[in-house]
Amino acid sequence: MERTHQESKEEELIETNSSTTAATSTENNYDKDEYYKSKGLSAYDDLEKKFQEFQNAFRRMNEAFGQKLLEQFGIANPDIKYTHEPQVITAKDAAKHMIGKKNILILTGAGLSAASGIPTFRGDNGFWTRTYGDETDPQVILTQRFFTQNPELNWQWHYDFIELEDRCKPNKGHHAILKFQEYCHLQNDIESFLVTQNIDNYHPQLIQQSKILMKNQEEKKQGESNYAFTPFVYEIHGNVKYMHCFNDEEDCGQQFYKAPTLDQVKDKTNHVPKCSSCGKNMKPHCMFFDESYSETYYRSESVHKFMEEKMDCLIVVGTALATGLAKRIVNKALGKIECPVIEINLETSIDRGYNLQILEKSEIALDQLFNEYYRLRSPKVDILQSGQVKSQARASSVVNQSKNPIQKQIIVQNNTKQMTQAKQTNLKQASTSTGKAVQQKPAVSKAVTSSNKQKIIPKR
C-alpha cells in the first residue's frame, strides 16, 4: 500500500523527535555523572544526602509546630528555645530551664564524691581495682554467690570502704544539694527528690544534721542509727553504714542495724557479723551485682512513682549511668515533653534529647546552678506604708549581707510575715474607724430630722 505524502512527513517527524529525546537523555545522564564525579559523590550518596536534609527539615518543622502549640496553651516558656539535641551550656544558663518546674529530681553518682577523696569505682585508680584474695574483679566479689562462699573477703571490701568514707567528708557539692533541698522545703510550689547511687552515707549524714529538714520528731526517729532509710534521700544502691540479715525470707532480714568498723569487731579472724535472731551472716546494706531492685531494700517503687507521675526536671550529677534504675530515670525524663535533663559531668553520658550539658566539676557547677536559680526566683516584698521604708531597707540589707540562700529565704519570709501582720493591723484599725463613723451617722440623721420637724408649721 502506497503511503501518502502526509504520512511520510509524520513518520519523519516521529523519528526525529525520538532521536532528539534519546540524545537529550544520554546528554542528561552524562551531565549527572559528571556532576556527581565533580562533587566526589555517587548517585546513592547524593540521594542519601538529600534524604538526610529532608529529615532534618521535617524535624525542625515538627519542633517549631510543637513549640507553637505549647506556647499557645501557656505551657512553654517563650524565652527558651527548646531543642531535641544535646547542647553544652553554662550553669547559670541552665538555671533558666529550671524556672517554672515543680518537681525536680536530682540523681547523683560517684563523681559527686570524687572531690571528697573517694575515688570513682570505674576510674583508673578506682575502688574496683583492688584485689581481695585471688579475686580482682569487683563484679565477682560484690555478688551474692561470692558472699555465700567468701563472706570474709566480701566484708573486708566493705570494711575498707567504711574506713575510707570515715576519713573523708562531704564536699561543697553535697552541701549545695542540701541547701537546695532546704530551700525547696521552705517553698509551697517546689518539691525536690534526691536519688543517689552512692553508698558513702554523705547525703544522709548532712540531712540528719539539717534543722530545716529534720524538724519533727517522727522524721528524726527515721534518722536513728538502727534505721537505714533517711528521709529526703533515696539510696537505690544502699548504704555502707548499715547491714541486715542475709536471710531475707525471715523478718530479721528486713531489720537494719548499724554496720561495725573493723576496729569494732572483737574476733579479727572471723570478722563477719552474725544475726542475733537466726545466727546467719549479716549482709552489708549494699546492692550486689546479681541482686534485683526492690522497695524493701532500695525503695525502687517510690522512685518509679515519682519519676512517672511527677518529675518535670532532672539534674544528673557525676554518673556514667552504668546501672539499670539510673538509666531508666534518664530515659523517662528524655521521653517527657518539656522535661530538661541538666547533666553535670566532666564527660557527658547522655547523647540525645533535651539534654543541657555542664562540663564542669560538680562541686563548682552545683553552686553556680542553684545560686542563679535562687536569684531568678528571689521574691519581691512590697512596701506597705511609707513609715515602713526604713525597716524594709534594713531588712533588705540583712538579706543581701547573708550569703546563705536558705538564711535569705528565712529572713525574707519573716519580714513578709511581719509586714502582713502590720497590714492586717492597719486594715483592722481602718475598719474600726469606719465602723464608728457609721454608728454616728444615724444620730446625725435623727438630729436633722428632729430639727426639720421643729421648723414644720402645722396646718390649721
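Bear in mind that the values in this text are calculations on the coordinates, not laboratory data. The shown structure was predicted, so the numbers you read here are calculated from the model rather than taken from an experiment. Ideal geometry is used to build each Cβ from the backbone, glycine not excepted, and the neighbour counts take in all protein chains shown.
Over its Cα atoms, what ratio of radius of gyration to 2.2 N^0.38 Å does the range 268-375 give? Don't skip to the end; give the middle numbers.
Working: Rg = 18.6 Å, N = 108, 2.2 N^0.38 = 13.0 Å.
Normalised Rg, Cα atoms only: 1.43.
What pairs from Lys241/Lys274; Lys215/Lys283; Lys215/Lys361; Lys101/Lys310; Lys215/Lys241 go past 21 Å between their alpha carbons?
Beyond 21 Å: Lys215/Lys283; Lys215/Lys361; Lys215/Lys241.
Using a Förster distance of 45 Å, how high is the FRET efficiency between Arg167 and Ile337, based on the Cβ-Cβ distance and rounded to 0.05?
So the FRET efficiency works out to roughly 0.50.
What does the extension gain come out to for Ile364 and Ser292, with contour length at 0.36 nm per residue minus their alpha carbon separation?
That pair, Ile364 and Ser292, stretches by 22.5 nm at full extension.
Can you put Glu372, Glu309 in order of Cβ neighbours within 10 angstrom, beginning with the fewest? List each step's numbers first, then the result.
On the way: Glu372 18, Glu309 8.
Neighbour counts put them in this order, fewest first: Glu309, Glu372.
Consider a paramagnetic label point 7 Å from the Cα of Asp248 along Cα→Cβ; state which residues of the range 273-287 have an amide N under 13 Å from it.
Output list for this probe position: 283-287.
Please arrange Phe51, Phe146 by counting, for each residue, the other beta carbons lying within 10 Å of its beta carbon, fewest first.
Details: Phe51 10, Phe146 23.
With the sparsest Cβ surroundings first, the list reads Phe51, Phe146.
Based only on other Cβ atoms within 10 Å, what is the fewest-to-most ordering of Thr261, Thr143?
Going from sparsest to densest Cβ surroundings: Thr261, Thr143.
Say R0 is 30 Å: what FRET efficiency, to the nearest 0.05, do Val140 and Glu85 get from their beta-carbon distance?
Between Val140 and Glu85 the formula returns 0.15.
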